[in-house]
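Reading through the structure tokens given below for one structure.
Throughout, read-outs are computed from the coordinates displayed, never taken from laboratory work. Small disclaimer: the values here were computed from a predicted structure and weren't measured. Neighbour counts run over all protein chains shown; Cβ positions are idealised from the backbone, glycine included.
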């Protein structure tokens, strides 16, 4: 049943749902969207889910619904909420099934002129090296149970040091330096494989270095336009036509199983803590409860698995470039700009009612967007970017642009230091398959100079660019309200689709 949600315009592209809308709301909801982007939010449960989140115990200041938001499980995808560290709750639905789904950008010193003639060969090589698709697994890289547990604790650093999957300083340009938690804003449980189920571990043994399915992808891109030359240069983006590589994937079946396991735990525990919820999908327990502690320990394992996964993929991308261009990867650049999470919960300090407080920030389909020279947030930014701000990546989908943005001071007040993570779906996968045919999609992309290779034709059709909002529209809102500003626009020329 549809519900009419009142929206009050607070500023250009900023709307508010007052907490007086419903008696159980503890804080208002702020929606960051243009009129065009609001149209889709009004047709699904995005706004209602934002209202539901605003009823949770210990929720602080306001709930943020970002420009790319759409309906999710419990929380809207593109939703941000901060819970008091002692009196709030932890909700797996505020993170999502694909724990630490995230984006990594790599830059090369190659140009489109050099790469375009070898594009088919390059994409095919990457496709051979990086298994993609539903249930994709590796036959040539299966870790032992004990090594999987080490990955869960040590993240990307372990696969670099133990297996040589990367360069020694790669971790410096990964959120948390590739090993969660690197910093502690307060007491937060360390990852503990002992609370991860055998089923989750079984699913993870042969999935490190795999892309997965759904909207996950790997793209060879070119820099189409640079908006902020100073920030772009700091990130290694020097000229239009330069080739970049973008990886979008997460913790695969390992993280999905952890989420499933702990949703069941918390669903059972809701009654125990006398928590009343407007939606059972918001299952949660108090931050200091045994259930929340166990979830955070398992969650940390999935975060580190995802960092290791993207690290392994980066290694095999470098190998693919070496095979095709017959040159060492170091000569071609292939450096990591940054690697950011967008399905995550972090213990951070944020200013609420004039004072810094410890809060658990749930970012579901949202990326950290910390500004430069702003303690304590500067501590979480790589040395390279401490003075300018954190890179933010907004992936497109096969035929649409991806964006490099820069974290801004405004994000701290608007969205607890967060920004957008993608374009957001506007058409279901089933709807896309009804409306488009695989060969039609492939030909359309090839006519635009984009070579795409997917696990199945169904996967390509489900992720047709028209199934998503225009990322340019999403980025324009984030830029205009001051969450994050434009640095560079990247367009695909070769795509490996999960």
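As a test of the formula, what do you get for the chain when each DSSP H run with n ≥ 4 contributes -39,500 (n - 2.57) and the sum is divided by the residue count, at 222 nm and rounded to the nearest 500 deg cm²/dmol?
Computed mean residue ellipticity for the chain: -9500 deg cm²/dmol.
Once you keep just the Cα pairs under 8 angstrom separated by 6 or more residues, what percentage relative contact order results for the range 8-497?
23 percent.
Against the main long axis of the alpha-carbon atoms of the chain, helix 290-325 sits at an angle near 20°. Extension gain, residue 114-residue 473: 0.36 nm per intervening residue step, less the Cα-Cα distance, totals 126.1 nm. Axis of helix 471-481 versus longest Cα principal axis of the chain: the two differ by about 50°, to the nearest ten degrees. As a rough guide to protection, the peptides 415-423, 68-76 ranked by mean Cβ packing within 10 Å, highest first, stand as 415-423, 68-76.
Spatially, the range 308-327 and the range 468-487 are offset by 31 Å when compared through their Cα centroids. In the list (1) 0.90; (2) 0.97; (3) 1.18, the label attached to Cα Rg over 2.2 N^0.38 Å as derived from the coordinates here is (1). Extension gain for residue 36 to residue 23 (0.36 nm times residue separation, less C-alpha to C-alpha distance): 1.7 nm. Peptides 365-371, 447-453, 172-178, 252-258 ordered by packing proxy, namely the average of other Cβ atoms within 10 Å per residue, highest first: 365-371, 252-258, 172-178, 447-453.
Using the Cβ-Cβ distance between residue 374 and residue 145 with R0 set to 45 Å, the FRET efficiency from 1/(1 + (r/R0)^6) comes to roughly 0.60. For the range 379-421 versus the range 241-261, the spacing of their alpha-carbon centroids is 18 Å.
Seen through its C-alpha gyration tensor, with square-root eigenvalues sorted a ≥ b ≥ c, the range 187-284 comes out prolate because a/c lies at 1.5 or above while a/b is bigger than b/c.
Assuming a ≥ b ≥ c are the square roots of the Cα gyration tensor eigenvalues, decide whether the range 172-241 counts as rounded (a/c under 1.5), prolate (otherwise, with a/b larger than b/c) or oblate. Taking the square roots of the gyration eigenvalues as a ≥ b ≥ c, the range 172-241 is oblate. For the range 217-236 versus the range 30-92, the spacing of their alpha-carbon centroids is 30 Å.
Helix 145-154 and the longest principal axis of the C-alpha atoms of the chain enclose an angle of approximately 70°. Packing here is the average count of other Cβ atoms within 10 Å per residue, and on that basis the peptides 153-163, 280-290, 401-411, highest first, run 401-411, 153-163, 280-290. Just check the range 100-206 against the gyration tensor rule for me: Cα atoms, a ≥ b ≥ c as the square roots of the eigenvalues, rounded for a/c under 1.5, and otherwise prolate or oblate depending on whether a/b exceeds b/c. Here the range 100-206 falls in the oblate category.
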